[in-house]
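See structure below.
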Amino acid sequence: MEFSKFDEAEAKIWGNFLKITSGFEKNKILGLIRVVSLPITLFSVIIAGLLAWIFDSFDPTLFVVNMIGLLLAHASSNVINDWWDYKNKVDTPEYFRLLYGVHPVFSIGERKSLFLGLFLSFLAFLCGLFLASKRGPAVIALAIVGFILLFSYSGKPLKLKYRGLGEFLVFLIWGPLMIAGSFFVITGYINEKIIFASLPYGISASLIIFGKHLDKLEEDSKKGVKTLPVILGERKTKILCKILIFAMYISVILTALITQRLGFFFSFLSLPRAIKVFRGIDYDRPKDLSEVPDFYPKDFWPMWYVGGAFILNTDFALSFILATFLARFF
């Protein structure tokens, strides 16, 4: 596969971002809460805010408090799910997780990790209380559902990641729950158009976790972590990822038709990246660092499929955000 100068530049940007947020060199807290993953939430909230603006119901205060609360909840989930993976004897010193960022348990210990996760949850809860005072008890119900799902990714009793449900959970949380839920918090109402508008980005977010689990398929299989790629196998998982990329743009078309706003078609600006990732899925993961392209950020290794998924998610999110902005006008 040929890589353009733009591909190289974007990969280097992500590589540098990962290096800064890993916590290995400095600013350990960035690695402890996995800041590298937080843009996924930021994109969801921005999309929700723009949708509220489209329907003339945007409240800047509720938007900002909601965004802060969700970023805190995401960071808390990262810490506590790492804590659970340690307790479940999955995250060990040689495991994939410790290669791309500081692990809270191995860095500050079990008790401090749990305290950090719960403290971040408490701060998110305070944001939720403020929002509930403005929008009523439905916000608390949304928060409880989100809390249970987020912390059940690796945690007991559901342990959704271990049952092949983690990928669907990511779609559900960062798509319908976060985008439609944030829309409700900002506007005070919800409708079917917003549900449809939440699907494209939810699919995009799920591809990140598919890429991550593809990268560590062998390690997860050995540890008995039954992610969907472990259950389906590499070939079927790659086919499913291709279907999801296709479905992502089909859902954009449906969103444009259902909302009767042609601006959403500007999401197709990310299609060239999607086509490249679609084709790249067929390529085998390099066996070691010596086989990767010269421009490939060395700090990114051993992440491979997830790197492409992160870049696609960013490109799609930015194009979808632009499209949602333009949908205000036509």
All positions within the range 146-161 that are under 18 Å from the mean Cα position of the chain (by Cα) and either among the hydrophobic types (A, V, I, L, M, F, W, C) or part of a helix (DSSP H, G or I) (or both): GLY146, PHE147, ILE148, LEU149, LEU150, PHE151, LEU160, LYS161
Set LEU207, LEU160, LEU169: member being surrounded by fewer than 22 Cβ atoms within 10 Å (Cβ to Cβ) and either farther than 22 Å from ASN88 by Cα or in contact (Cβ under 8 Å) with a residue 12 or more places away in the chain (or both): LEU169
Residue list for the range 1-27, restricted to those being touching a residue at least 12 places away in the same chain (Cβ under 8 Å), surrounded by fewer than 16 Cβ atoms within 10 Å (Cβ to Cβ) and charged (D, E, K, R): GLU8, LYS12
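Matching residues to (1) small (Gly, Ala, Ser); (2) modelled with pLDDT of 95 or more:
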position	(1), (2)
ILE33	no, yes
VAL45	no, yes
LEU72	no, yes
THR92	no, no
SER113	yes, yes
SER133	yes, yes
Inter-residue pairs, beta-carbon under 8 Å, first closer than 14 Å to PHE184 by Cα and in the range 39-64, second at pLDDT 95 or above and among the acidic types (Asp, Glu), 6+ apart: ALA52/ASP59
Failed criterion for ILE68 (all others in (1) over 30 Å from LYS276 (Cβ atoms); (2) out of contact with any Phe, Trp or Tyr (no Cβ under 6 Å at 6 or more places or on another chain); (3) aliphatic (A, V, I, L, M); (4) crowded, with 17+ Cβ neighbours inside 10 Å hold): (4)
Number of the exception - TRP84 against (1) buried (at least 17 other Cβ atoms within 10 Å of the Cβ); (2) closer than 23 Å to ALA323 by Cβ: (2)
Selected residue (criterion: surrounded by the fewest Cβ atoms within 10 Å (Cβ to Cβ)) from residues of the range 240-280 that are farther than 16 Å from ILE311 by Cβ and among the aromatic types (Phe, Trp, Tyr): PHE246
Residues located in the range 270-324, provided they are free of Cβ contacts under 8 Å to residues at least 24 places away in the same chain and of a type in the set (Val, Ile, Thr): ILE275, VAL292
Count of the range 258-308 residues which are closer than 21 Å to LEU318 by Cβ and polar (S, T, N, Q): 3
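The values are calculated or read from the model by the stated rules, or taken from the named source; none is laboratory data. Everything quoted here is computed from the prediction, not taken from an experiment. Cβ coordinates were reconstructed from backbone atoms using ideal geometry, including for glycine residues, and neighbour counts include every protein chain displayed.
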